[in-house]
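The values are calculated or read from the model by the stated rules, or taken from the named source; none is laboratory data. What you are looking at is a predicted structure, and each value in this text was computed from that prediction instead of being measured. As a convention, Cβ positions derive from the backbone with ideal geometry for all residues, glycine included, and neighbour counts pool all protein chains shown.
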Amino acid sequence: MDIGFVGLGIMGRPMARNLLKAGHRLTVYDPDRPSVDAVAEAGAVPAASAREAAARSRVTITMVPDGPEVEDAILGPEGALAGAAAGTVIVDMSSISPLVAQKVGQACAAKGVEFMDAPVSGGEPKAVDGTLSIMAGGSPEVFDLMRGLFEAMGSSAVLAGPVGAGNVTKLANQIIVAVNIAAMGEALVLATRAGLDPETVYQAIRGGLAGSAVLDAKAPMVIARNFKPGFRIRLHRKDLRNALSAAEAMGVPLPLTGLVEQILVSLVAGGRGDLDHSAIATFAEDMSKTEVRRPG
């Protein structure tokens with residue numbers, strides 16, 4: 001399939017490469033030229049704009065940081081919608097407010113272009129190995145068209161509902177992940193302060209009810225003091241801010257989300273916004289003056 005891919009950052013670049021590996025033809029665009037060149041070396045064709053990428057493609061995928069960037073990449077004068085022909089498809093795989101996704105979907109529909117929001121979970125490691133979890137919002141027909149492309153980038157893809165449902169589902173995911181990491185940080189700090197080996201405590205609890213994919217992915221990083229970003233704290237803060245905004249519009253209180261969002265605000269203000277979100281645990285370390293480390 002001829003695919004346009006807009007946004008070649010920490011997630012978009014490996015996603016685009018996996019589509020190339022699956023045999024699809026890609027036209028790619030990103031304002032950062034070295035990112036474009038890196039994917040072009042793998043066989044993609046560079047474009048000068050999102051508009052040009054969409055004009056060459058049956059499906060255009062966008063993967064950018066937040067709602068304003070999505071609106072620019074799709075609805076801007078050089079955006080994908082300006083180049084997309086009626087009957088083609090635009091799929092935004094960014095994590096944004098569902099309200100923005102619905103706005104973009106309405107603009108696409110007015111031009112006869114199909115739209116789907118399909119944010120992902122799994123961070124850079126799963127983007128690289130093609131095992132992302134994909135949460136889609138849109139029509140069953142577009143989902144069926146995208147199924148093969150999703151399989152090239154992820155290990156699971158679920159149609160959650162109409163346009164906007166993908167991002168509501170992603171926000172639910174991000175709430176659970178953030179609160180889990182914050183709780184894990186407190187637990188490991190407690191264990192370390194008690195004189196225990198946090199690795200031993202982690203191994204002891206991972207097989208019980210407290211075990212989770214979050215724990216298995218993030219506890220080893222904290223214990224090893226490895227905060228190389230797979231998913232940055234500042235981006236997770238953005239997701240929680242979007243969750244709180246959407247919840248306010250719907251009259252839904254999210255007290256735990258609000259608390260953890262303020263923890264992320266503190267970490268960003270303290271210069272840790274570009275660390276992996278496993279570093280949420282460092283907030284509990286700071287409060288107790290106890291660093292999670294193995295003895296010796």
Legend entry - segment 222-246 - residue that is without any contact (Cβ under 8 Å) to a residue 24 or more places away in the chain and in a helix (DSSP H, G or I) and, of those, surrounded by the fewest Cβ atoms within 10 Å (Cβ to Cβ): R241
Inset, instruction - Please verify whether segment 185-200 includes one or more residues that are under 22 Å from the mean Cα position of the chain (by Cα) and in contact (Cβ under 8 Å) with a residue 24 or more places away in the chain. - result: yes
Inset, instruction - Output yes when any residue across segment 187-195 is assigned to a helix (DSSP H, G or I), of a type in the set (S, T, Y) and surrounded by 14 or more Cβ atoms within 10 Å (Cβ to Cβ), and no when none is. - result: yes
Inset, instruction - State whether the residues of segment 132-154 include one that is assigned by TED's automatic domain parsing to the domain that holds P98 and farther than 18 Å from T60 by Cα. - result: yes
Inset, instruction - Need at least 3 residues that are in contact with a strand residue (DSSP E or B) (Cβ under 6 Å, 6 or more places away or on another chain) and either under 26 Å from A243 (Cα atoms) or in contact (Cβ under 8 Å) with a residue 60 or more places away in the chain (or both) per element, so show me which helices (runs of 4 or more DSSP H) inside segment 86-153 make the cut, counting only ones lying wholly within it. - result: 98-110, 140-153
Legend entry - Hey, V120 in contact with a Gly (Cβ under 9 Å, 6 or more places away or on another chain), hydrophobic (A, V, I, L, M, F, W, C) and surrounded by 19 or more Cβ atoms within 10 Å (Cβ to Cβ) or not: yes
